[in-house]
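Chemist: Pasting a structure here, questions to come.
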Amino acid sequence: MAKNLETVQSPSFKLEAYLTNGVENIVKEAIRATLKDPKESAFMARYALSSKAASKKRAKMEAQGEHIPPFLIASITSSCNLHCAGCYARENHACTDERAEAQLSADEWELIFKEAKELGIGFILLAGGEPLIRRDVLKTAGEMPEILFPVFTNGTMLDEEYIKLFDSSRNLIPVFSIEGEKIKTDERRGEGVYQCLISAMDRMRENHLIFGASVTVTTANIEEVVSRSFLNDLKERGCKTVFYVEFVPVTADTEGLAPQDREREFLRQELSVLRAEYPEMVFISFPGDEKSSGGCLAAGRGFFHINSHGGAEPCPFSPYSDINVRETSVREALHSKLFTALQEENVLMEEHAGGCVLFERKDQVEKLLTK
């Protein structure tokens, strides 16, 4: 069984506690800010109770010797309508322009979500590809108010039907991928994408809907994406959460964009200030927060990943799997041979240059698959 997170995390910063408290803070803020919106307030109040119930389920299983992570990343599609520079998913052939074959159906995802709920997983991050391509899965997720579903999207497919869905299903929270201001965003994501994002955020605000932002941190944009002008603009548009994800180079010509020790230390110091300066927002850094929490939280320590075909993987940056949830349960997948080996052999705890430890040590991960 996996070790109790409390025994391995640094006492100075516990990521699981910060994330859990962050979700609760967003909920509390939403309740306070939407007292004139009975529908929003009622949902948030119900979810607050559900979140506490999920924590109790995990604590009970922990006491019985079985660790259940609080978070799941679900890549609900392999299809995407953009070609972002340096995209790890395309380099790993986990992303395509066409509709991929043999992807999990909405009914199959529903079973996964239901089992996750029973296990006490109350936070499922929906990714892709571009998740808004799978309207059927999002509608299914929207029918499970006990689970909060951040939807990581490029923002280009937000239409009126989705606005209505996000309005009726407040547990679906779009997280818009943005690289900074217009120049940096359009350089990586394509001409005109920045304006699509701004329009999408404004539509969310106009409809009193909560959303977040996700930033891929590189050596080229790190100062811009922590600047007060950038963050104040997000705040004024209604953004409640900012995810900072370190760029992981998948080709030799993009290695220079990967943050090094100097950039990671700069980001760490900035985050400490930002968390105090913007108490109404939640700031999360991957894998920076993981490193200060005593190691990588993938492979079931803090979260795990299910790809669009049902393979249970340590994380999206480590697309290796020895078990498929189509053929087994989510609970059994959490105790797969690969996940167990990664934890027992302390691969997740090893020192590394930065970025993703599993991506950096992919040869070691591949060897574990053959054992």
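Chemist: Do the alpha carbons of any pairs in Lys114/Lys337; Lys182/Lys235; Lys60/Lys117; Lys52/Lys235; Lys60/Lys114 sit beyond 21 Å of each other, and which pairs? If you can, show how the numbers build up before the last one.
Modeler: On the way: Lys114/Lys337 24 Å; Lys182/Lys235 17 Å; Lys60/Lys117 14 Å; Lys52/Lys235 27 Å; Lys60/Lys114 19 Å.
Long pairs (Cα-Cα over 21 Å): Lys114/Lys337; Lys52/Lys235.
Chemist: List the relative contact order of the range 121-212 as a percent without decimals, with contacts defined as Cα pairs under 8 Å and 6+ residues apart. If you can, show how the numbers build up before the last one.
Modeler: Working: 123 pairs, mean separation 25.0, N = 92.
Relative contact order of the range 121-212: 27 percent.
Chemist: Using packing as a proxy for protection, rank 170-177, 243-250 so that the peptide with the highest average count of other Cβ atoms within 10 Å comes first.
Modeler: Working: 170-177: 23.4, 243-250: 20.4.
Final packing ranking: 170-177, 243-250.
Chemist: Let me ask something else. Name the long-range amide H neighbours of Ile173: under 5 Å, sequence gap of 5 or more, or other chain; modelled H, no Pro or chain starts.
Modeler: Hits under the 5 Å cutoff: Phe149, Val151.
Chemist: Quick query: amide H of Phe211 versus all other amide H atoms, modeled in the peptide plane; which residues come in under 5 Å with a sequence gap of 5 or more or a different chain?
Modeler: Amide H neighbours of Phe211, under 5 Å, 5+ apart: Lys240.
Chemist: Let me ask something else about it. Which percent of the accessible heavy-atom area of the range 60-162 goes to carbon and sulfur, probe 1.4 angstrom?
Modeler: 50 percent
The values are calculated or read from the model by the stated rules, or taken from the named source; none is laboratory data. Quick caveat, the model's predicted, so the values are computed rather than measured. Ideal geometry is used to build each Cβ from the backbone, glycine not excepted, and the neighbour counts take in all protein chains shown. Protein only, heavy atoms only, side chains kept; ligands, DNA and RNA dropped before computing areas. Shrake-Rupley method; radii C 1.70, N 1.55, O 1.52, S 1.80 Å.
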